[in-house]
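Okay, so here's the structure we're looking at.
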Amino acid sequence: MEIIKPFSDGLPTWLGNSMGLKRKSYKCINHQMLIQSNSFYVGITVFNPGEGCIVHNHLGAEEVAYIISGGGKVYDASDRLIADLETGDVIFYHSGEYHRNFNDREEPLVMLFALAPHGELPNG
């Protein structure tokens, strides 16, 4: 058993390089991180107001995300709004399903994510 404090133990990584596409991810569990796993990848992403990610997918990996706090929007590959996200929502992305998250609120959107098997986060 291992206990992780994501904001102090996790590997903080800035992803994205342009306005509206930046966010900070705290990588906690995967095949090469703080705690190594052979099966999945877990971390927390913080989208500040006005931040989001590019449309992306995780080939060969399913993703589950839980909204810890805040809210925002999730879009599909065509940039069509799929849902408004609220604290407590759980999102399931099928393997290879394109999606994009965006924080349109005034407070940070904090999201716990898990990919199985291992997947990678998009840089943009």
For each of Leu112, Leu59, count neighbouring Cβ atoms within 10 Å of the residue's Cβ, then give the residues from fewest to most. Leu59, Leu112
Extension gain Ala77-Asn38, at 0.36 nm per residue separation less the Cα-Cα distance, in nm? 11.1 nm
For Thr87, list long-range residues whose amide hydrogen, built 1.01 Å from N in the peptide plane, is under 5 Å from its own amide hydrogen. Gly70
With 0.36 nm assigned to each residue of separation and the Cα-Cα distance removed, Val55 to His94 gains 12.6 nm
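Bear in mind these aren't lab numbers, they're just calculated from the coordinates by the rules spelled out. Everything numeric in this text was worked out from a predicted model, so none of it was measured. Because the Cβ atoms are built from the backbone with ideal geometry, glycine has one as well, and the counts that use them run over all protein chains shown.
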